[in-house]
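See structure below.
The values are calculated or read from the model by the stated rules, or taken from the named source; none is laboratory data. Note that this is a predicted model, so its numbers are computed, not measured. Note: ideal-geometry Cβ built from the backbone for every residue, glycine included; neighbour counts use all protein chains shown.
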Amino acid sequence: MLKKLAVGIDIGGTLTKVGFVDISGELYAHLDFPTQGYPKVDDYLLVLASKIQYLEKQLSCDYEMMGLGIGAPNANYYRGTIEHAANLEWKGIIPFVSKIKSHFNVPIYMTNDANAAAIGEVVYGDAKKMRDFMVITLGTGLGSGIYANGALIYGHDAMAGELGHISIDKEGRLDGLGVKGGLEAYVSSTGLKRTIFELLSDSISDSELRNYSFNNLHGEDITRAAEHGDEIACAAFEVTGKILGEQLANFVAFSHPEAIFLLGGLAKSGKWIFEPTQRHLEANLLPYYKGKVKLLPSGMIDKNAAILGAAALVWNQQNH
């Protein structure tokens, strides 16, 4: 019997992740390769196609490829384009889906990475029975996928829900798109590092984080320092959770989600980010929302969420 498999492709600023997935979320073969180093998108696509063909040869079952699902920054679901992505080498508007169609004769769907994560939460995660929820992805930047009344909100031109670029301080840090005080400049793996270095320069207290350069400091190092009781690490999580909690309270007002799921590198720091975020979220909610919005880790947090979210696009389309 033919196994029905979808190909999930997650195009990240650093790595592209590719895998064959079935509808239950089992990963049959997967790999990743660097996204950078291909100034021409056509060269990148040749490599991507060869990687998918390589994975096909690893499969030990008879299968039918049901389609390709692609999650990418600033992807336009309606047009199949990647538009002005801050963290990719290709500038302007890239007709990605029409280009990849020359390599594969199967249905191809593309959306932005945070929307893919929200669809993944419905297909594979903990939002299977929810009609109203948000997924906030906390990686290099901050992405958001919003479900309301049982459907993903795309907006007029497929670019709804860019909550990482709302300005929280017009005199503040620049984010990846040049927005002054953009939320992702504070709340993301990168934002947390920026806060660490600000706190280190404003204080003379001992910290194990003083031994790191900016590029060598990773989220796991910050979490480990917090677990050792490091003052700077604990303070940075508190600052980050305060900003995130306050902004999530604002976001609740426009769609009143049943739950907000956190996903990505920063979410993996567990209680260090969840505890302050929960506290500041609850403190800032309007009275009629208090106690009614759950803050949860994504149901995909311990799985290969990026590949699953992209693959979920295929199943989601075929169920409609």
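On the stretch given as region 273-313, residues that are of a type in the set (A, V, I, L, M), under 18 Å from the mean Cα position of the chain (by Cα) and in a helix (DSSP H, G or I) total 9.
When the residues of region 75-127 are filtered to those that are without any contact (Cβ under 8 Å) to a residue 60 or more places away in the chain and polar (S, T, N, Q), the one that is nearest to Glu64 (Cα to Cα) is Asn105.
Cβ-Cβ distances below 8 Å connect the following pairs, each with a first residue in region 292-320 that is farther than 16 Å from Gly12 by Cβ, a second residue that is surrounded by 22 or more Cβ atoms within 10 Å (Cβ to Cβ) and charged (D, E, K, R), and a separation of six or more residues or different chains: Ser298/Glu121; Gly299/Glu121.
Residues that are surrounded by fewer than 21 Cβ atoms within 10 Å (Cβ to Cβ) and of a type in the set (Gly, Ala, Ser) within region 86-135 comprise Ala86, Gly92, Ser98, Ser102, listed in sequence order.
Okay, residues lined up against (1) at pLDDT below 95; (2) in a strand (DSSP E or B); (3) small (Gly, Ala, Ser); (4) under 22 Å from Gln318 (Cβ atoms):
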residue	(1), (2), (3), (4)
Lys4	no, yes, no, yes
Ile9	no, yes, no, yes
Gly13	yes, no, yes, no
Thr16	no, yes, no, no
Ala29	no, yes, yes, yes
Phe33	no, yes, no, no
Tyr38	no, no, no, no
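Do you know which of the residues in region 161-180 that are crowded, with 17+ Cβ neighbours inside 10 Å and small (Gly, Ala, Ser) is nearest to the chain's Cα centre (by Cα)? My answer is Gly164.
A single member of Gly182, Gly178 is within 22 Å of His84 (Cβ to Cβ) and free of Cβ contacts under 8 Å to residues at least 12 places away in the same chain, and it is Gly178. The criterion of at least 2 residues that are β-branched (Val, Ile, Thr) is met by the following strands (runs of 3 or more DSSP E) wholly inside region 108-181: 108-112, 133-138. Here is the figure for region 28-47: residues that are surrounded by 13 or more Cβ atoms within 10 Å (Cβ to Cβ) and either within 19 Å of the chain's Cα centre (by Cα) or among the charged types (D, E, K, R) (or both) total 6.
Being in contact with a helix residue (DSSP H, G or I) (Cβ under 9 Å, 6 or more places away or on another chain), under 25 Å from Leu45 (Cβ atoms) and in contact (Cβ under 8 Å) with a residue 40 or more places away in the chain: is that true of Thr140 here? Give the steps one after another, and end with the answer.
Details: in contact with a helix residue (DSSP H, G or I) (Cβ under 9 Å, 6 or more places away or on another chain): yes; under 25 Å from Leu45 (Cβ atoms): yes; in contact (Cβ under 8 Å) with a residue 40 or more places away in the chain: yes.
Taking the combined requirement at face value, the residue satisfies it.
Being touching a strand residue (DSSP E or B) at 6+ places or on another chain (Cβ under 9 Å) and under 16 Å from Gly13 (Cβ atoms) is not true of Gly172.
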